[in-house]
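S.K.: Take this structure, written in structure tokens, and hold onto it; I'll ask about it next.
Just so you know, all these numbers are worked out from the coordinates, no wet-lab data involved. The structure presented is a predicted model; accordingly, all values stated were derived computationally and were not measured. Backbone-built Cβ (ideal geometry, glycine too); neighbour counts: all protein chains shown.
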Amino acid sequence: MACCASIRWSSTLVDKPRGIILDLDGTIYRGARIIPGARETIERMRKGAHPLIFATNAIESVAEHVEKLAGLGIAVRPDAIINSTFVLIQRLEREMPRARVFCLGDPPLIEQLAPHFEFSEDPNAIDVVIASTDRSFDFRKLSIGFHALRKGARFWATNAEPTWQQEDDEIPDAGAIIGALEGCSGRKLELIAGKPSTFMGEIALERLNQRAHECLLIGDNLTTDIAMGQRVGIPTVLVMTGLSKRADLERAPVKPDYVLESIADVPRLLEDL
Ligand SMILES: [Mg+2]
């Protein structure tokens, strides 16, 4: 293939994709800063009639994501965004519709759960402990989660990334909260709602109304984006603007179909397909 910036790892052939699933953090923006070329690439994809879905493990509401993208000059309809909170609520409503929830998570997650579930801090009453990005995590919360898990509450998470990439830094993410709960309770996490679980990929394909192998997934993280693409059967593009680095590729058990420096290189890839 002619696209000089890409490495092709597998023999997967994607004809012109009928739908494209895009990660946000590390792919479209990094913290508050847009990745150069992201806006233009999205415009080109739209002109090329590639329907787009944005799939993120971030817990902020769909409305917050719409607003953030608008602030970066990218207009997106709410139904084109899937966050890990939405997937978690769907799963909980299906499996435990009357669950009493204890949530170790930031306010946007609590606010989205509140209309659907009752919260409890009584370990005897908690049906499910939800671990997530929690920047006010403390010993009190850990103790409640520990006792609830010891008493048999289910153990779910929105996402499980060890760290969260900021503009010029990384901070601890949901993986740290999961690790703390696992470390004291002896329990293992039972379910991750977001990537790399298949749930989010299946919802994205439903919204695109396409089959997996006819789509393309673009993300910056081997263990979430690329792993989910492989599990669901969606060809993948790894971009180098986020968490995963070229050195990680060599030892990664899951390889992307294409590797590009940045989302700015995607139009050239699409032309070559
Ligand atoms: Mg990302």
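S.K.: Work out, step by step, the length gained on full extension between Glu67 and Gln90: first 0.36 nm times the residue separation, then minus their alpha carbon distance; give nm to one decimal.
M.R.: Extra length from Glu67 to Gln90 when fully extended: 6.0 nm.
S.K.: How tilted is helix 198-208 with respect to the longest principal axis of the chain? Cα atoms for both, answer in degrees (0 to 90, nearest 10).
M.R.: Rounded to the nearest ten degrees, it is 50.
S.K.: Would you compute, for the Cα atoms of the chain, the largest minus smallest coordinate along each principal axis and list the three values in descending order, in whole Å?
M.R.: Reported extents, whole Å, longest axis first: 61, 37, 34.
S.K.: Which whole-number percent gives the relative contact order of segment 188-273, counting Cα pairs below 8 Å spaced six or more residues apart?
M.R.: 24
S.K.: Continuing with this model, one more query. For the Cα atoms of the chain, what angle does the longest principal axis make with the long axis of helix 139-150, in degrees from 0 to 90, nearest 10?
M.R.: The two axes meet at around 80 degrees.
S.K.: Set the Förster distance to 41 Å, then compute FRET efficiency between Asp138 and Lys255 from the Cβ-Cβ distance, nearest 0.05.
M.R.: 0.55
S.K.: Counting other Cβ atoms within 10 Å, keep those with at most 12, restrict to DSSP loop, and tell me which trypsin sites (Lys or Arg not before Pro) in segment 83-115 are left.
M.R.: Arg98
S.K.: Given Cβ point charges of +1 (Lys, Arg) and -1 (Asp, Glu) and nothing else, what value in debye, to the nearest 20, does the dipole of segment 98-192 about its Cα centre take?
M.R.: Its charge dipole is roughly 760 debye.
S.K.: Okay, moving on. Please figure out what share of the DSSP beta bridges in segment 98-192 is antiparallel and state it in percent, rounded to the nearest 5.
M.R.: Numbers: 3 of 15 bridges.
So the antiparallel bridges in segment 98-192 amount to around 20 percent.
S.K.: In whole Å and largest first, what semi-axes does the C-alpha gyration tensor of segment 98-192 yield when each eigenvalue is scaled by 5 and square-rooted?
M.R.: 21, 15, 11
S.K.: Let me spell out the model: positive unit charges on the Cβ of Lys and Arg, negative unit charges on the Cβ of Asp and Glu, origin at the Cα centre of the chain. What dipole size does that give, in debye rounded to 20?
M.R.: In debye, rounded to 20, the chain gives about 580.
S.K.: So, one more: For the chain, take the longest principal axis of its alpha carbons; what is the angle in degrees between that and the long axis of helix 174-185, to the nearest 10 within 0 to 90?
M.R.: 30
S.K.: Collect residues whose amide H, placed 1.01 Å from N in the peptide plane, falls under 5 Å from the amide H of Ile82; neighbours closer than 5 in sequence don't count.
M.R.: Phe54, Ala55, Thr56
S.K.: Still on this structure, please answer the following. Restricting the count to DSSP beta bridges whose residues both fall in the chain, what percent are antiparallel, rounded to a multiple of 5?
M.R.: 20
S.K.: A further question on this structure: What is the fewest-to-most order of Asp220, Asp272, Asp79, Asp265 by other Cβ atoms lying within 10 Å of their Cβ?
M.R.: Values: Asp220 27, Asp272 12, Asp79 9, Asp265 21.
Ranking Asp220, Asp272, Asp79, Asp265 by Cβ neighbours within 10 Å, fewest first, gives Asp79, Asp272, Asp265, Asp220.
S.K.: Based on alpha-carbon centroids, what's the gap between segment 96-118 and segment 173-238 in Å, whole number please?
M.R.: 21
S.K.: What is the chain's relative contact order, in percent, from Cα pairs under 8 angstrom and six or more apart in sequence? Before the final figure, lay out the partial values.
M.R.: Numbers: 549 pairs, mean separation 69.5, N = 273.
The normalised contact order for the chain reaches 25 percent.
S.K.: Can you tell me how much longer the chain between Lys245 and Asp168 gets when fully stretched, taken as 0.36 nm per residue apart minus their C-alpha distance, in nm with one decimal?
M.R.: Numbers: separation 77, 0.36 × 77 = 27.72 nm, distance 1.53 nm.
Taking Lys245 through Asp168 to full extension adds about 26.2 nm, to one decimal.
S.K.: Taking other Cβ within 10 Å of each residue's Cβ, how do Thr27, Thr236, Thr223 sort, fewest first? Walk me through the intermediate numbers first.
M.R.: Values: Thr27 25, Thr236 28, Thr223 18.
Fewest-to-most ranking of Thr27, Thr236, Thr223: Thr223, Thr27, Thr236.
S.K.: Extending each Cα 7 Å along its Cβ direction at Leu273 and Cys184, get the distance between those two points in nm, one decimal.
M.R.: 4.7
S.K.: At most 15 other Cβ atoms within 10 Å and a DSSP loop assignment: could you name the trypsin sites (Lys or Arg not before Pro) in segment 215-256 that fit?
M.R.: Lys245
S.K.: So, one more: From zero outward in steps of 10 Å, how is the percent of C-alpha pairs of segment 168-273 spread across the bins?
M.R.: 13, 37, 35, 12, 2, 0
S.K.: Kindly put Cys103, Cys215, Cys184 in sequence by how many other C-beta atoms sit within 10 Å of each C-beta, fewest to most. Before the final figure, lay out each step's value.
M.R.: Numbers: Cys103 23, Cys215 26, Cys184 15.
Lowest count first: Cys184, Cys103, Cys215.
S.K.: Only four residue types carry charge here, +1 at the Cβ of Lys and Arg and -1 at the Cβ of Asp and Glu. Report the dipole size of segment 41-169 about the Cα centre in Debye, rounded to the nearest 20.
M.R.: Roughly 480 debye for segment 41-169.
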